[in-house]
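Notes for the one structure printed next.
The values are calculated or read from the model by the stated rules, or taken from the named source; none is laboratory data. Every value quoted in this text rests on a predicted model; they were computed, and no experiment measured them. All Cβ positions, glycine included, derive from the backbone under ideal geometry; neighbour counts span all protein chains shown. Side chains included, ligands, DNA and RNA excluded: accessible areas come from the protein's heavy atoms. Shrake-Rupley method; radii C 1.70, N 1.55, O 1.52, S 1.80 Å.
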Amino acid sequence: MKYQAPKGVIEYFPPRSRSFEWVRGTLLSQIKRSGYQLLELPVFEDTELFTRGVGASTDVVSKEMYTFLDRGGRSITLRPEGTVGALRAIIEHGLDRGALPTKVFYSGAFFRAERPQAGRGRQFYSVGVEAVGSDDPALDAEVIAIADAGFKALGLKQFRLEITSLGDAQTRALHRVDLLAFIEGLDLDEATIARAEINPLRLFDDKRKEIRDLMDKAPLLLDYLSEESRQHFEAVQSYLKDLKIEFTINPRMVRGLDYYTGTTFEFVHNLLGAQSGIGGGGRYDGLMEQIGGQPLSGIGFGLGVDRALLAAEAEGVVDSAAFLTDLYLIPLGAQAKTVALSISQELRAHDLTVDIVFGDRSLKSAMKSADKSGARYVVIIGDTELSTGSVDLKQMSTGETTSVTLASLVTTLTTKLLTW
RNA sequence: GUGGGCGUAGCUCAGCUGGUAGAGCACUCGGUUGUGGUCCGAGAUGUCGCGGGUUCGAGCCCCGUCGCUCACCCCA
């Protein structure tokens, strides 16, 4: 019996796992430096949290959740997204009782039982933020700017930011009446009618040209915005312009989660095929109340780490230089190993990346693996070195060696690497 | 969930109209005594995704199944 990973899961292993780590770390560092604090949450929650929060009629809830009964007969669901779980934790622990907005971030695996495809796994990785308790449009701009900065920090260029406003509840109700009337006048096939019944906005992002043409004259939600929503949306746009963040307004953008209101946005990458959304988010007025909290507005985003990595690979911007080993130690003989182990311990305590050749390999093959590891420096420890207490520090890129005492290895190496 | 393509060594793939498996890269060792990236030599590795069927004989044909992939759908 040969075991395989469950269908549709994405696994990261060397050497690509380093790239994954780099992508996630880069996105997270943009978030952390903006004052967001970690929320480490369960990957499963009470099923009802998602049906109420995300919306029972959404595709995500109605046909994509991993739901099961636990041993106590409780209905449990593997989290399909991050926002409602984050808000549940904020409410449960009273994080919204202090100074507002409450700014938190998360990072981890999410689960959706979809048909797998490139960029779409049944377990996928997201990092996200939630800022709860302020309806300041400047906060919308900050949230968008963080995601934008994250993608740019990765070196991505071939993506665009699309934004729109879904307005408030009243806006959507008014628009819905007109949109339904409009759709009723169209000649559509059954499947499309069924989709429209669940969410008429869906027809706006249908990929078929016929439908696109038909929807060309459909009433747009943006034209129904209340004065307040309109001003908020304009303020957001003006902040983004000040920040020199380019965006396009896409009045046909559709979100599959029910909780979105007001400012809504999506980052789309050009080289990813069908699964091109690398991040998205928006405001959610009413969601806090919906799941039992205070009536606070909030805004957040989720960024797809898997897709961001795919995008970075497609653009050829993966930073492989970030993974190099500083020093490779080659011990020759039993006594040398003892010394190598203790030297590595000391160097690592000084934040240096150190690796050792294990096994009794020939010097030649040890040098080969040092070379392949991408080590910047190599030190050989044999009988000579042990008796003199000094080693040759070899710089692999140039082949130059400098003689240093074992005792001063830490300082020598540290200063050399500083100017690397 | 629906439809199309694919599934051969760790990786990329070759394998003609069915006769019982190969290349390149990677890997290990070596090219004399303690120094890598080139070159040369040697070596190891596969139940040809899995299960059935047709056949004297199947990696090549048929069915099923699992998985990957692309599109729909959906979204991160």
Residue check for A:E266: part of a helix (DSSP H, G or I) and not aliphatic (A, V, I, L, M):
no
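Does segment A:347-357 contain at least one residue that is away from RNA strand B (no atom under 16 Å from the Cβ), more than 30 Å from A:V268 (Cα to Cα), open to solvent by 40 Å² or more (accessible area, probe 1.4 Å) and among the polar types (S, T, N, Q)? Lay out the reasoning, then the answer.
Narrowing segment A:347-357 to residues away from RNA strand B (no atom under 16 Å from the Cβ): A:347-354.
Now restrict to residues that are more than 30 Å from A:V268 (Cα to Cα): A:347-354.
Applying the additional criterion that residues be open to solvent by 40 Å² or more (accessible area, probe 1.4 Å) yields A:348-351, A:353.
Checking the rest, the ones that are also among the polar types (S, T, N, Q) come to A:353.
The answer is yes, given that some residue of segment A:347-357 is away from RNA strand B (no atom under 16 Å from the Cβ), more than 30 Å from A:V268 (Cα to Cα), open to solvent by 40 Å² or more (accessible area, probe 1.4 Å) and among the polar types (S, T, N, Q).
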Take segment A:269-278 and flag every residue that is open to solvent by 20 Å² or more (accessible area, probe 1.4 Å) and not in a loop (DSSP other than H, G, I, E, B).
A:G277
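Which one is farthest from A:I91 (Cα to Cα), of the residues in segment A:132-160 that are more than 16 Å from the chain's Cα centre (by Cα) and within 16 Å of RNA strand B (Cβ to nearest atom)? Explain how you work it out, then say what you get.
Here is the first cut: in segment A:132-160, the residues more than 16 Å from the chain's Cα centre (by Cα) are A:132-142, A:157-158, A:160.
Now drop any that are not within 16 Å of RNA strand B (Cβ to nearest atom), which leaves A:158, A:160.
Numbers: A:Q158: 38, A:R160: 34 Å.
Only one residue fits best here, namely A:Q158.
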I'd like to check something: does segment A:218-236 contain any residue that is away from RNA strand B (no atom under 12 Å from the Cβ) and in a strand (DSSP E or B)?
no
What's the number of the condition A:E130 fails, among (1) surrounded by fewer than 21 Cβ atoms within 10 Å (Cβ to Cβ); (2) acidic (D, E); (3) part of a strand (DSSP E or B)?
(1)
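With the requirement that a residue be in contact with a helix residue (DSSP H, G or I) (Cβ under 6 Å, 6 or more places away or on another chain) and either part of a strand (DSSP E or B) or open to solvent by 30 Å² or more (accessible area, probe 1.4 Å) (or both), what does segment A:110-127 give you?
Within segment A:110-127, the subset in contact with a helix residue (DSSP H, G or I) (Cβ under 6 Å, 6 or more places away or on another chain) is A:119, A:124-125, A:127.
Residues satisfying the conditions are A:F124, A:Y125, A:V127.
Among the residues that make up segment A:180-199, is at least one of them near RNA strand B (Cβ under 9 Å from one of its atoms) and part of a loop (DSSP other than H, G, I, E, B)?
Let us first name the residues in segment A:180-199 that are near RNA strand B (Cβ under 9 Å from one of its atoms), namely A:191-192, A:195, A:198-199.
From what is left, the residues that are part of a loop (DSSP other than H, G, I, E, B) are A:199.
The answer is yes; a qualifying residue exists.
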Just one of A:T58, A:T67 is touching a helix residue (DSSP H, G or I) at 6+ places or on another chain (Cβ under 9 Å), open to solvent by 50 Å² or more (accessible area, probe 1.4 Å) and of a type in the set (S, T, N, Q); which is it?
A:T67
Examine segment A:384-406 for a residue that is outside any helix (DSSP H, G or I) and under 30 Å from A:F124 (Cβ atoms), and state whether such a residue exists.
no
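Does A:A375 satisfy the criteria of being more than 9 Å from RNA strand B (Cβ to nearest atom) and either over 31 Å from the mean Cα position of the chain (by Cα) or more than 30 Å from A:E142 (Cβ to Cβ) (or both)? Reasoning before the result, please.
On the way: more than 9 Å from RNA strand B (Cβ to nearest atom): no; either over 31 Å from the mean Cα position of the chain (by Cα) or more than 30 Å from A:E142 (Cβ to Cβ) (or both): yes.
So A:A375 fails the test.
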Go through segment A:383-404 and count every residue that is under 17 Å from A:L352 (Cβ atoms), more than 7 Å from RNA strand B (Cβ to nearest atom) and touching a Ser or Thr at 6+ places or on another chain (Cβ under 7 Å).
2
From (1) at pLDDT 95 or above; (2) within 17 Å of A:V23 (Cα to Cα); (3) within 13 Å of RNA strand B (Cβ to nearest atom), pick out the condition that doesn't hold for A:F124.
(1)
Looking at segment A:243-265, can you tell me whether even one residue there is basic (K, R) and under 20 Å from A:L139 (Cβ atoms)?
yes
